[in-house]
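Q: Structure provided below as structure tokens; questions to follow.
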Amino acid sequence: MTTTAPPDPRESRVLSRVLGSPSVRLIGKRVLMAVPIILGVSILTFWVLSLIPGNAAQQVLGPDATAAQVRALEQELGLDQPAVTRYLDWLGGAVQGDLGNSLISGQPVSGELGSRLAVTGELVGLAFVISIGLAVPVALLAAYKPNRLVDRISMVVSITGLSVANYVLALLLVLVFAVQMTVFPAIGFVPLSEGVGANLHSLALPAAAIAFPLFCFYTRFLRGDLVDQMQGEDYIVTARAKGIGPWRVLLRHAFRNSSFGLITVVGLNLGTLIGSTVIIEQIFALPGIGQLLLQAINTRDFIVVQACVVVFAIIAVLANLVADLLYAVLDPRIRYGSR
Amino acid sequence: MRPLALVLASALVAAACGGGEDTAGNAPAGPPQRGGELTVLEDAAFGGGWPTGLDPATNSTGGANLSQMGAIYGGLFNLKANDDGSNAKAVPNQAEGYKMLDGGKTVKITIRDGIRFTDGTPMDAKAVAFNFRRAVGSPCTCAPIWPLEKNGITTEGERTVVLNFTRPFAPVINAFPVTNVNWIVSPTALRKMGEKKFKITPVGAGPFTVVTNKLSSELVLKRNPNYFKKGRPYLDRLTIKSIGGDQPAYQALLAGQADAYLGMNTEPLIEQARSGNQLTVATQPPTSPYVIQLNTKAKPFDNQRAREAIYYATDFDAIAKGLFKDRYPVSQGFTGPGGLFHHEKVPGYREHNPQRARQIVNQLGGLTVNLGTLENYVAIQVMTALQTQWQKAGIKVNIKKYELSTLVQEFNNGNWQAMLQTAGAWDPAAGVGVAFRFSNDSPFSGVNDQKLDGLLNGATATLDNAERDRLYQQASKHISDQAYAPFGLAFAPTNLAVDGVHGPGLTTKIPPIVVNSAVIWDEVWRTR
């Protein structure tokens, strides 16, 4: 027989304060909202995949297989079942953490995704840091004196970056920095366990290829918004009237306000950021989820495709949640939880 | 900005230079040296994709994964040739020898004494027979097409495996290097691991053993210290990596991140590699010419006149010259110059004659053709050129490119009209041989002709090479007379390697049995 101690009133108060905090309520709300989004993504993916011609059984058996052999394997893999049944089977496993086995290799998808998630996660993270880390100072410099030298150079660079597809940029980067200057590797991935330096070195070019177009876009966006704020907003005029220096006005006042727009744009661009990994991982021979996704599409390995897309969707949802939290951090007036 | 612009400009100027010759077959400096590592790249869309693993009985892309399979399993027989690709022969490797008995109805293969798998178990007749039985029922395009008698695979003593066929089967040994019966797995390891695990970390008796295997991404192999050939393999480590196409692979080689690339197809890059003098360029002797398959079982090509119009409208010589600088010979039959039983000309072959083509099209009251091909650089270039040529002859042409799975569906549906494909093989009866494209019982054929089937079957049923040659010549002439399918340039992939790497099939020439050449990995070495 066990006895339970009465709850400590102080603990209860702390717990209710934590649960009642706007941030926790925001996270809870967003997590709840994420469920139908991810479910919707998975249904949409399943539906689109069911429209693609060709099937995994044919891929496994090869072009010589007879129709009877293909049908038999379809039965074995459950591909002869109606789409709804297959989807529900998959969903039933997925909610329990079992993403199923690859139709082609028979290996568990979770294990495969786990090892590749680190590569893609790191690539996306690094590209994000590079793009934002460069865009903010360049945009500030450009907005400090609009239409002057720095602003014009940044405009030329940005327009160039926005005009070049990232796979072309990737090949150019390899040509210059790997083939001609031999400062970065052209292909391959060194895991973090083999040293941070070597790891970052191996990811430098692929991350730059993804980051550069985003850097260009963020720079133009932030610069435009900052210039608008600096030229037309009353609070800027007030700050200047108080005798605050131009850099301080730009950094402390205009930039803080412009960050909201930047965060929104960054959140909206996450799809581009993640989507870029599919082609960039192929070019740089990186064993990430993008590479896996492309292979799975080519072999009609729907289970793997489904898992990859859902993982990408979860990353996008989580990133947007972080963006929402940043709004609250930047502006204490925002009280999501009370709305 | 300026230094960057200069670097870019100089790189692009360098990239624009053309010319140069094949550098394969040059004698390496000095005897082979032991040690070193090699990183080899393969295109993710072909040899660099091994999604079903590396167990010969379940790997459905084994015919494309010759490198991976050869490095792990070695092979009972290897295709070897002189450095320039001439005098190619299937020679015993893990097999000690073979005998063809009963006029080719019985084959006895003797295994070398003392070979052991890397798990220590013996590679004997029992193990080989076990593998043969698995391979025969395999889903791979690389499964053998043996006309086996019931229980036709038996053993004699500890080292001899006996195959009993229902009819003489001449290409049995020539087909070994590209069929999965060539790759022998350890039955004990397979049983212990189970198929699921075995396909990831397979155990063979080849020159290398698996360290790690990330499917269709990276295969890391290390030297097998107990390999049956003393002092071989020369390399300590071999890594095979998948990469997304010719361009990144080429740049990776130039950047020094890889040592070889197998199966380059992009002609401008091959030209650049030849002129750059940084890489060894080995364009393999072509064995499989392109062919425009015409579906004679459906309109409009159930009419011979329509097929003749295609023959007359097609100018493969112009395509070979214009797009490929005459580097690939044009064939009139189903074998290229690197293959067995090749003849340059077929008597009575309909040559390019656009006026004649236009005349026939007018007589037919117009001709509209759907032409398709597999998505591949060379195939798409050729298909586009054909569209232009045919349109000049008044033929309306719709072109479409397919992935393998959708291409297979098109053939299975039977609604296709014209497909640009490759035909033949080093031995016309081995692998995706001539019957694959022309035999009535193949789903990938547009022809139903008993006379042609008889000629092709007859050629596989005789051990007399002169008789085989005669029958294949007759088959070529019959295909031409009936205007079943115009043949085109015989393309073969190119292998690139950095300086100091040497090896048969890599820096010398070996005819591709089907699409790519099998590198003899235990003889590959690098200057240290």
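The values are calculated or read from the model by the stated rules, or taken from the named source; none is laboratory data. Note that the structure is a prediction, hence the values are computed from the model and not measured. Counting neighbours? That spans all protein chains shown, and the Cβs are built from the backbone with ideal geometry, glycine included. These area figures cover heavy atoms from the full protein model, side chains too; ligands, DNA and RNA do not enter into them. Shrake-Rupley method; radii C 1.70, N 1.55, O 1.52, S 1.80 Å.
Q: Of (1) crowded, with 20+ Cβ neighbours inside 10 Å; (2) more than 14 Å from every other protein chain (Cβ to nearest Cβ), A:Leu192 satisfies all except one. Which?
A: (1)
Q: Now for a different question. Out of B:Gly263, B:Gly276, B:Gly245, I need the residue that is over 27 Å from B:Val514 (Cβ atoms) and assigned by TED's automatic domain parsing to the domain that holds B:Pro202. Which one? Before the answer, list the steps.
A: Values: B:Gly263 fails: over 27 Å from B:Val514 (Cβ atoms); B:Gly245 fails: over 27 Å from B:Val514 (Cβ atoms).
From the options B:Gly263, B:Gly276, B:Gly245, the qualifying one is B:Gly276.
Q: Quick check: anything in region A:8-23 part of a loop (DSSP other than H, G, I, E, B), surrounded by 11 or more Cβ atoms within 10 Å (Cβ to Cβ) and either of a type in the set (A, V, I, L, M, F, W, C) or within 14 Å of chain B (Cβ to nearest Cβ) (or both)? Before the answer, list the steps.
A: If we filter region A:8-23 for residues that are part of a loop (DSSP other than H, G, I, E, B), which is where we start, we get A:8, A:21.
So of that shortlist, the ones also surrounded by 11 or more Cβ atoms within 10 Å (Cβ to Cβ) come out as A:21.
Restricting the remaining residues to those that are either of a type in the set (A, V, I, L, M, F, W, C) or within 14 Å of chain B (Cβ to nearest Cβ) (or both) gives none.
No, every residue in region A:8-23 fails to be part of a loop (DSSP other than H, G, I, E, B), surrounded by 11 or more Cβ atoms within 10 Å (Cβ to Cβ) and either of a type in the set (A, V, I, L, M, F, W, C) or within 14 Å of chain B (Cβ to nearest Cβ) (or both).
Q: Right, another one. Name the one entry in B:Ile72, B:Ile153 that is buried (at least 20 other Cβ atoms within 10 Å of the Cβ) and assigned to a strand (DSSP E or B).
A: Only one candidate qualifies: B:Ile153.
Q: Another one. Of everything in region A:148-173, what is of a type in the set (Gly, Ala, Ser) and either touching a strand residue (DSSP E or B) at 6+ places or on another chain (Cβ under 9 Å) or more than 10 Å from chain B (Cβ to nearest Cβ) (or both)? Give them in sequence order.
A: At the first step, the residues of region A:148-173 found to be of a type in the set (Gly, Ala, Ser) are A:154, A:158, A:161, A:163, A:165, A:170.
A:Ser154, A:Ser158, A:Gly161, A:Ser163, A:Ala165 - these are the residues of region A:148-173 that are of a type in the set (Gly, Ala, Ser) and either touching a strand residue (DSSP E or B) at 6+ places or on another chain (Cβ under 9 Å) or more than 10 Å from chain B (Cβ to nearest Cβ) (or both).
Q: Would you check if B:Arg223 is over 22 Å from B:Tyr73 (Cβ atoms) and away from every other protein chain (no Cβ under 14 Å)?
A: no
Q: Where in region B:259-358 are the strands (runs of 3 or more DSSP E), entirely inside, with at least 2 residues that are under 22 Å from the mean Cα position of the chain (by Cα) and farther than 30 Å from B:Lys396 by Cβ?
A: Fully inside region B:259-358 and qualifying: B:260-264, B:279-283.
Q: While we're here: Of everything in region B:163-196, what is closer than 30 Å to A:Leu113 by Cα, modelled with pLDDT of 95 or more and assigned to a helix (DSSP H, G or I)? Give them in sequence order.
A: B:Ala189, B:Leu190, B:Arg191, B:Lys192, B:Met193
Q: For region B:392-415, how many residues are touching a strand residue (DSSP E or B) at 6+ places or on another chain (Cβ under 6 Å) and either more than 14 Å from chain A (Cβ to nearest Cβ) or farther than 27 Å from A:Gln58 by Cβ (or both)?
A: 5
Q: Looking only at region B:30-57, filter to residues that are touching a Phe, Trp or Tyr at 6+ places or on another chain (Cβ under 9 Å) and facing chain A (nearest Cβ under 9 Å); which one of those is modelled with the highest pLDDT?
A: Looking at residues that are touching a Phe, Trp or Tyr at 6+ places or on another chain (Cβ under 9 Å) and facing chain A (nearest Cβ under 9 Å), I get B:Leu41.
Q: Of everything in region A:77-90, what is within 14 Å of chain B (Cβ to nearest Cβ) and either touching a residue at least 60 places away in the same chain (Cβ under 8 Å) or part of a helix (DSSP H, G or I) (or both)? Give them in sequence order.
A: A:Leu77
Q: Now a separate question. Output the number of residues of region A:161-178 satisfying the condition of being within 30 Å of B:Ala258 (Cβ to Cβ) and surrounded by fewer than 22 Cβ atoms within 10 Å (Cβ to Cβ). Can you show your working first?
A: We begin by selecting, within region A:161-178, every residue within 30 Å of B:Ala258 (Cβ to Cβ); these are A:161, A:164-178.
Those left that are additionally surrounded by fewer than 22 Cβ atoms within 10 Å (Cβ to Cβ): A:161, A:164-165, A:167-169, A:171-172, A:176-177.
Counting residues in region A:161-178 that are within 30 Å of B:Ala258 (Cβ to Cβ) and surrounded by fewer than 22 Cβ atoms within 10 Å (Cβ to Cβ) gives 10.
Q: Could you tell me which numbered condition A:Gly93 fails, if it satisfies all but one of (1) more than 14 Å from chain B (Cβ to nearest Cβ); (2) open to solvent by 70 Å² or more (accessible area, probe 1.4 Å); (3) farther than 30 Å from A:Phe217 by Cβ?
A: All conditions pass for A:Gly93, except number (2).
Q: Looking at A:Leu126, A:Leu141, which one is open to solvent by less than 50 Å² (accessible area, probe 1.4 Å), touching a helix residue (DSSP H, G or I) at 6+ places or on another chain (Cβ under 6 Å) and more than 13 Å from every other protein chain (Cβ to nearest Cβ)?
A: None of the others qualify; the one that does is A:Leu126.
Q: Oh, and also: Report yes if B:Gln247 is within 13 Å of chain A (Cβ to nearest Cβ) and assigned to a loop (DSSP other than H, G, I, E, B), otherwise no. Write out each step before concluding.
A: Numbers: within 13 Å of chain A (Cβ to nearest Cβ): yes; assigned to a loop (DSSP other than H, G, I, E, B): no.
So B:Gln247 fails the test.
Q: Can you tell me which residue among B:Ala282, B:Ala320 is farther than 30 Å from A:Phe184 by Cα, of a type outside the set (Phe, Trp, Tyr) and touching a Lys or Arg at 6+ places or on another chain (Cβ under 9 Å)?
A: B:Ala320
Q: Now for a different question. For region A:46-71, which residues satisfy the criterion of being within 13 Å of chain B (Cβ to nearest Cβ) and surrounded by fewer than 18 Cβ atoms within 10 Å (Cβ to Cβ)?
A: Correct list: A:Leu51, A:Ile52, A:Pro53, A:Thr66, A:Ala67, A:Ala68, A:Gln69, A:Arg71.
Q: A:Leu26 is checked against (1) in a loop (DSSP other than H, G, I, E, B); (2) away from chain B (no Cβ under 14 Å) and fails just one. What number does that condition carry?
A: (1)
Q: Restricting region B:83-113 to residues that are open to solvent by 60 Å² or more (accessible area, probe 1.4 Å) and out of contact with any strand residue (DSSP E or B) (no Cβ under 8 Å at 6 or more places or on another chain), which is farthest from B:Thr166 (Cα to Cα)?
A: B:Asn87
Q: Pull up region B:177-216, narrow it to residues that are crowded, with 24+ Cβ neighbours inside 10 Å and within 14 Å of chain A (Cβ to nearest Cβ), then point me to the one that is nearest to A:Leu294 (Cα to Cα).
A: B:Ser216
Q: Here's another thing I want to ask about it. Here are some residues: B:Glu410, B:Glu375. Which one is of a type outside the set (A, V, I, L, M) and either open to solvent by less than 70 Å² (accessible area, probe 1.4 Å) or out of contact with any helix residue (DSSP H, G or I) (no Cβ under 9 Å at 6 or more places or on another chain) (or both)?
A: B:Glu410
Q: Condition (residue is within 26 Å of B:Ile240 (Cβ to Cβ), aliphatic (A, V, I, L, M), more than 14 Å from every other protein chain (Cβ to nearest Cβ) and buried (at least 16 other Cβ atoms within 10 Å of the Cβ)) applied to region A:276-295: is it met by at least one residue?
A: no
Q: Here's a follow-up. Find the residue count for region B:130-149, including only residues that are crowded, with 20+ Cβ neighbours inside 10 Å and free of Cβ contacts under 8 Å to residues at least 40 places away in the same chain.
A: Number of matching residues: 3.
Q: A:Arg116: open to solvent by less than 60 Å² (accessible area, probe 1.4 Å) and within 13 Å of chain B (Cβ to nearest Cβ), yes or no?
A: Yes, satisfied.
Yes or no, residue by residue, for (1) in a loop (DSSP other than H, G, I, E, B); (2) over 20 Å from the mean Cα position of the chain (by Cα); (3) outside the structural domain of B:Gln68 (by TED's automatic domain parsing):
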{"position": "B:Ala466", "(1), (2), (3)": "no, yes, yes"}
{"position": "B:Gln473", "(1), (2), (3)": "no, yes, yes"}
{"position": "B:Ser476", "(1), (2), (3)": "no, yes, yes"}
{"position": "B:Gly488", "(1), (2), (3)": "no, no, yes"}
{"position": "B:Ala497", "(1), (2), (3)": "no, no, no"}
{"position": "B:Pro504", "(1), (2), (3)": "yes, no, no"}
{"position": "B:Ile513", "(1), (2), (3)": "yes, no, no"}
{"position": "B:Ser517", "(1), (2), (3)": "yes, no, no"}
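Q: Another question, then. Being within 17 Å of A:Asp324 (Cβ to Cβ) and surrounded by 13 or more Cβ atoms within 10 Å (Cβ to Cβ) is the filter here, so list the residues in region A:34-45 that pass it. Talk me through it step by step, then tell me what you get.
A: Narrowing region A:34-45 to residues within 17 Å of A:Asp324 (Cβ to Cβ): A:34-38.
Within region A:34-45, A:Ala34, A:Ile37, A:Ile38 meet the criteria.
Q: Go through (1) exposed (fewer than 14 other Cβ atoms within 10 Å of the Cβ); (2) assigned to a helix (DSSP H, G or I) one by one and return the number of the condition A:Glu74 breaks.
A: All conditions are met except number (1).
Q: Kindly establish whether B:Pro31 is without any contact (Cβ under 8 Å) to a residue 60 or more places away in the chain and under 21 Å from B:Ala497 (Cα atoms).
A: Considered against the rule, which asks whether it is without any contact (Cβ under 8 Å) to a residue 60 or more places away in the chain and under 21 Å from B:Ala497 (Cα atoms), B:Pro31 comes out as yes.
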